[in-house]
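The block underneath contains the structure these notes are about, expressed in structure tokens.
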Amino acid sequence: MAAIGTEVLETLVPLRDLPEEAVRELVDVVELEDHAARSVIFRQGGDDGWTRYVLSGAVVLVDDDGNRRTFTGTGNAGVYPEPLALGGPFPHNAVASTDVRLIRLPRQRVNEVMAASRLPDYDVGEVSPQSGDAGEGLFYQLFEDLMGDRLDLPSMPDMAIKVREAIEEHEAGAGELARIIQADPALAARLIQTANSAAFGGQTPVDSLAPAITRLGLRTTREVVVAVALKSVFQSSHPLLNQRMTELWMHSALVAAISQVMAQRLRGFDSGRALLAGLVHDIGVIPMLTNAGDYPELANNPMLLQQTIAAYRGQVGAMILRRWNFPDDMVNVPLAAEEWHRQADAADYADLVMLAQLQALSEEPMAEVPGLSETSAYHRLGLEKLGVTEGASIIAEAREEIAEAQKILLGH
């Protein structure tokens, strides 16, 4: 097998966020490591100083609760982009389920290169605890804790993980998915409600789970399950934080509903995926709120906290979605959701969510946002052909559809 070059390293998390010259510094220290099927690669609680990626074969990660994840690589063109563990001590056991070949890098050297480099996606200047103000300090803490697997990030809800794995790893059909989802009656009811909504409803209403999944299709079922389950992420045991989380969820649900309705009217977009994109566009705010208490300067200054959240929520959101194994087009949503004048070659879900946000924010009298037609995304999406303008928005045209989508997400 050919030596591992920059073209492979540039696909890996978090190395893909480094400039090319920084990645080249790691080429000389990368190594290959082989393990036979059923052998233990590392044990929970250990730490040998290496960061590993699956180049070929399959590795199963198992934690104390019996939760399992499978990482599969197919060679230089198909390296699994996420490391088996970001730092030590290792949070799980790693076992080779087939003969595997791993890429490994000395973690200390990776951290040195990252600390000395500017991260273009994160735009925080030189990553250093001494650089900048309390806002940069908060982001630096989040970033460092993420690299060391210490950050208390929101977890993907268990049911969302089960459904995702059933579809992606086991190619489950509607019947098997129904058996998994029926363990959560509220979620099952929400899926039936979705299947009977204006977006998906047929002439005959469905009244049970398997037909609802068949009507929605496996991909849309997966996206709706993740979207509905995400409500549990927007919660806190702290009363003041919980109020802020509730407001955040309400805003996200509105943006998601508008995104879904817009996707139904545009070619090339999936309405379930659009719904999910709208929900996660502000996911980065959650750990920033929950960690802000470590910085008295932020905790005691709501205006500074809000400025910090506005500056870094996109970058933190991208971190979370990468950890959740979301595809790149979804990871880009929090990064670009408020980049009103971004340029892009083609319309994408970030454009869709951005325009949904503008329409949602236009309902708020104090919001300082550009008009729809002032953005390049408006023209990329072709909204002028649909007759969508500041005076004739999707909100005005489809209030009932949007309200219906919100009801599904909010549990009404």
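The values are calculated or read from the model by the stated rules, or taken from the named source; none is laboratory data. Since we're looking at a predicted model, the values are computed, not measured. Note that each Cβ is placed from the backbone with ideal geometry, even for glycine, and that neighbours are counted across all protein chains shown. Note: accessible area is taken over every heavy atom of the protein model, side chains too, but ligands, DNA and RNA are not part of it. Shrake-Rupley method; radii C 1.70, N 1.55, O 1.52, S 1.80 Å.
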Segment 164-194 - residue that is under 11 Å from Ala212 (Cβ atoms) and β-branched (Val, Ile, Thr) and, of those, surrounded by the fewest Cβ atoms within 10 Å (Cβ to Cβ): Ile192
Residue within segment 315-336 that is closer than 23 Å to Leu372 by Cα and surrounded by fewer than 20 Cβ atoms within 10 Å (Cβ to Cβ) present: yes
In segment 200-223, residue most open to solvent (accessible area, probe 1.4 Å) [restricted to those that are under 24 Å from the mean Cα position of the chain (by Cα) and of a type outside the set (Ser, Thr, Tyr)]: Arg219
Ala360 being touching a residue at least 24 places away in the same chain (Cβ under 8 Å) and open to solvent by 10 Å² or more (accessible area, probe 1.4 Å): no
The lone exception for Thr375 - which of (1) among the β-branched types (Val, Ile, Thr); (2) out of contact with any Phe, Trp or Tyr (no Cβ under 6 Å at 6 or more places or on another chain); (3) modelled with pLDDT of 90 or more it fails: (2)
Selected residue (criterion: farthest from Ile4 (Cα to Cα)) from residues of segment 92-115 that are open to solvent by 10 Å² or more (accessible area, probe 1.4 Å) and in contact with an Asp or Glu (Cβ under 6 Å, 6 or more places away or on another chain): His92
Elements of type strands (runs of 3 or more DSSP E) contained in segment 1-93, each with 2 or more residues being in contact with a Gly (Cβ under 8 Å, 6 or more places away or on another chain) and closer than 28 Å to Lys162 by Cβ: 50-62, 68-74
Unmet criterion (only one of (1) of a type in the set (A, V, I, L, M, F, W, C); (2) open to solvent by 30 Å² or more (accessible area, probe 1.4 Å); (3) under 27 Å from the mean Cα position of the chain (by Cα)) for Leu12: (2)
Matching helices (runs of 4 or more DSSP H) fully within segment 231-314 where at least 3 residues are open to solvent by less than 70 Å² (accessible area, probe 1.4 Å): 239-265, 271-280, 285-291
Positions within segment 188-244 being free of Cβ contacts under 8 Å to residues at least 12 places away in the same chain and among the aliphatic types (A, V, I, L, M), in sequence order: Ala189, Leu240
The listed residue being modelled with pLDDT under 70, under 24 Å from Thr51 (Cβ atoms) and assigned to a loop (DSSP other than H, G, I, E, B), out of Leu153, Leu146, Leu142: Leu153
Residues that are under 17 Å from Val226 (Cβ atoms) and part of a loop (DSSP other than H, G, I, E, B), drawn from segment 325-354: Asn325, Phe326, Pro327
Test for Glu390: is it surrounded by fewer than 20 Cβ atoms within 10 Å (Cβ to Cβ), at negative phi, in contact (Cβ under 8 Å) with a residue 12 or more places away in the chain and outside any helix (DSSP H, G or I): yes
Leu381 being touching a helix residue (DSSP H, G or I) at 6+ places or on another chain (Cβ under 6 Å), at pLDDT 85 or above and farther than 16 Å from Gln260 by Cβ: no
Residues located in segment 173-187, provided they are without any contact (Cβ under 8 Å) to a residue 24 or more places away in the chain and touching a helix residue (DSSP H, G or I) at 6+ places or on another chain (Cβ under 6 Å): Ile180
First in segment 41-64 and farther than 10 Å from Pro91 by Cα and modelled with pLDDT under 90, second anywhere and basic (Lys, Arg) and open to solvent by 50 Å² or more (accessible area, probe 1.4 Å), Cβ under 7 Å, 6 or more apart: Ser56/Arg101; Gly57/Arg101; Val60/Arg68
All positions within segment 238-252 that are over 19 Å from Gly278 (Cβ atoms) and of a type in the set (A, V, I, L, M): Leu240, Leu241
